[in-house]
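Worksheet: one structure, shown below.
The values are calculated or read from the model by the stated rules, or taken from the named source; none is laboratory data. Values in this document were obtained by computation on a predicted structure and should not be read as measured data. Cβ sites come from the backbone with ideal geometry, for glycine too, and all protein chains shown count toward neighbours.
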């Protein structure tokens, strides 16, 4: 420290420049990767969205033609509806369930780590395998779930074939994979200072009130993080939908009820080689995700509480 | 892990429960009942997966329902292994996953060190942009990247699956940055005064201290690469180059009702990572929670 103070201005500048060069050298892998794998593709995707391109003949400029076509494409709206459905109906219940499990585990329970392991296991199963397993569980005739429902006198739906039930099937399966969120919530809960609860106990606050006044605000940064990550994952919902559609040997499932935005985009790009059209869809997705993230961050000031101790 | 700190919490909770008239024992029983129910929900499908994988067709479609197969039918496994080039797909998947781990473990710690311990001008900008890219949907860059790889004749090779790892992914860089920031500055300060270069400090001091964190990142990369479906689907056309995900998906289409064999294939795909998980569970959970904190 003392050495820096003795240096003259030129020395400081030279030192700063050296620090800058070393810093950039260390971070260069990511910076170069950012230009190749993120910045260039995003910009190029905007350019391609203004063209017609099938990989074989050079891109043909069509201006906003692709976007105009999009707004008249029923499948585009359908895929958007399917994606919003699974996002709105799925994300919040999955988070609430994961949080509930974490709260139960956080209280002193015998065998906490065993439960945690059990809850976490399903998240290790590759999506193709877990979707396959759930296709079997949800099989209308021989599946375990409908057999269970039959046992208690309920006629189970034709989960994978009835277009009204395909998306609820996926959401049901989604509960099975909430272990990661539970584990992360559990870590956040264990960081909440115990003295808050002790003080609340003395004041006679009910458990319910303690949750809303202490627990929920304390873990709100984690909730914000999870919410954003899950929204983005949900907008990109792909593999599970594609595998479930196999039950009816199609790409979009029964009546295209499993044609999610990413699946339609994939189909346009790699089945029909409409690279321009797919790029327009990609750009719409990019803009929607950015707007969602912005809205969540802007409103988060109202419900996310950052403790002063970190 | 929760040990000492929760003891006081529990006793005061019991006091509160007592005041409200619910017996602590009853409360604990209720809690375990819910946890067990959830446990069944999480474990049940696994059990059913394994159980179905050793059932013959007759047992699978038997009415009334047969819980335990009359005779364990392991032929499903050998049928599955012979119906698809299982060994080949496993080796392909292993190759891709290990290369991704290698790439990520070269690039991510370097970048993370720069962001954590070199106070260069513009560092915060780099960090903010990097965190922003976590939110970037992969689909929005997919098409131009495909066109790019197509121009470079890399479609139907493993390059598109592996190459990005060698430039570091924001998520893992962030995780390692958090870890590097937690290493006391005093440790490296004296080496710096002695004239050691940043690179020397990085390789000789920081990396050896970070082996658990590097291990976690390596595992996370391995898992995500092992499970990935979309990239191999897009880039690998030649069935000989397929990974397990793509191979299994194609297998579903061809063997629609052979549930025993399908479940055997799904088990073979899943069991290795479950075994891996049990070996490294502690480090793994630590890593997951490290990612989430703040």
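Against the definition (in contact with a strand residue (DSSP E or B) (Cβ under 6 Å, 6 or more places away or on another chain) and within 13 Å of chain B (Cβ to nearest Cβ)), how does residue A:41 come out, yes or no? Considered against the rule, which asks whether it is in contact with a strand residue (DSSP E or B) (Cβ under 6 Å, 6 or more places away or on another chain) and within 13 Å of chain B (Cβ to nearest Cβ), residue A:41 comes out as no. I'd like the full set of residues that are at pLDDT 95 or above and either closer than 20 Å to residue B:40 by Cα or facing chain B (nearest Cβ under 8 Å) (or both), limited to the range A:139-175. Across the range A:139-175, the qualifying residues are A:169, A:170, A:171, A:172, A:173, A:174, A:175.
Based on this model, can you work out whether residue A:123 counts as part of a helix (DSSP H, G or I), within 17 Å of the chain's Cα centre (by Cα) and modelled with pLDDT under 95?
Details: part of a helix (DSSP H, G or I): yes; within 17 Å of the chain's Cα centre (by Cα): yes; modelled with pLDDT under 95: yes.
Judged against the criteria, residue A:123 is a match.
Scan the range A:172-187 and give yes if some residue there is surrounded by fewer than 15 Cβ atoms within 10 Å (Cβ to Cβ) and more than 16 Å from the chain's Cα centre (by Cα), otherwise no. No, the conditions are met nowhere in the range A:172-187. Of everything in the range B:108-128 that is part of a helix (DSSP H, G or I) and at the interface with chain A (Cβ under 7 Å from one of its Cβ atoms), the residue that is farthest from residue B:199 (Cα to Cα) is B:126. Annotation for the range A:62-72: at least one member residue is touching a strand residue (DSSP E or B) at 6+ places or on another chain (Cβ under 7 Å), in contact (Cβ under 8 Å) with a residue 12 or more places away in the chain and more than 8 Å from every other protein chain (Cβ to nearest Cβ).
Residues in the range B:94-121 that are within 21 Å of the chain's Cα centre (by Cα), closer than 20 Å to residue B:179 by Cα and surrounded by 16 or more Cβ atoms within 10 Å (Cβ to Cβ): B:101, B:103, B:104, B:105, B:107, B:108, B:109, B:112. For the residues B:124, B:156, the requirement of being loosely packed, with under 15 Cβ neighbours inside 10 Å and either under 25 Å from the mean Cα position of the chain (by Cα) or in contact (Cβ under 8 Å) with a residue 60 or more places away in the chain (or both) singles out B:156. For the range B:255-271, a residue qualifies if it is touching a helix residue (DSSP H, G or I) at 6+ places or on another chain (Cβ under 8 Å) and either facing another protein chain (nearest Cβ under 7 Å) or surrounded by fewer than 18 Cβ atoms within 10 Å (Cβ to Cβ) (or both), and the qualifying residues are B:255, B:256, B:259, B:262, B:263, B:266, B:269, B:270.
Starting from residues that are buried (at least 16 other Cβ atoms within 10 Å of the Cβ) and touching a helix residue (DSSP H, G or I) at 6+ places or on another chain (Cβ under 7 Å), keep the ones in the range B:13-30 and report whichever is modelled with the highest pLDDT. If you could, list the steps in order and put the result at the bottom.
Quick first cut of the range B:13-30, residues buried (at least 16 other Cβ atoms within 10 Å of the Cβ) only: B:13-14, B:16-17, B:27-28.
With the extra rule that they be touching a helix residue (DSSP H, G or I) at 6+ places or on another chain (Cβ under 7 Å), the set shrinks to B:14, B:16-17, B:27.
Details: B:14: 43, B:16: 45, B:17: 43, B:27: 81.
Top of the filtered list is B:27.
When you scan the range B:39-53, how many residues do you find that are more than 7 Å from chain A (Cβ to nearest Cβ) and closer than 15 Å to residue B:261 by Cα? Residues that pass the stated criteria total 3.
For the range B:130-153, the tally of residues that are more than 7 Å from chain A (Cβ to nearest Cβ) and without any contact (Cβ under 8 Å) to a residue 40 or more places away in the chain stands at 5. For the range A:56-72, a residue qualifies if it is surrounded by 15 or more Cβ atoms within 10 Å (Cβ to Cβ) and not in a helix (DSSP H, G or I), and the qualifying residues are A:59, A:62.
Every test in (1) more than 12 Å from chain A (Cβ to nearest Cβ); (2) surrounded by fewer than 18 Cβ atoms within 10 Å (Cβ to Cβ); (3) in contact (Cβ under 8 Å) with a residue 40 or more places away in the chain is passed by residue B:75 save one, and that test is (3).
Note on the range A:232-260: residues that are in a helix (DSSP H, G or I), more than 8 Å from chain B (Cβ to nearest Cβ), in contact (Cβ under 8 Å) with a residue 60 or more places away in the chain and surrounded by 18 or more Cβ atoms within 10 Å (Cβ to Cβ) amount to 7. Exactly one condition in (1) in a helix (DSSP H, G or I); (2) on the phi > 0 side of the Ramachandran plot is not met by residue B:79; state its number. Residue B:79 satisfies every listed condition except (2).
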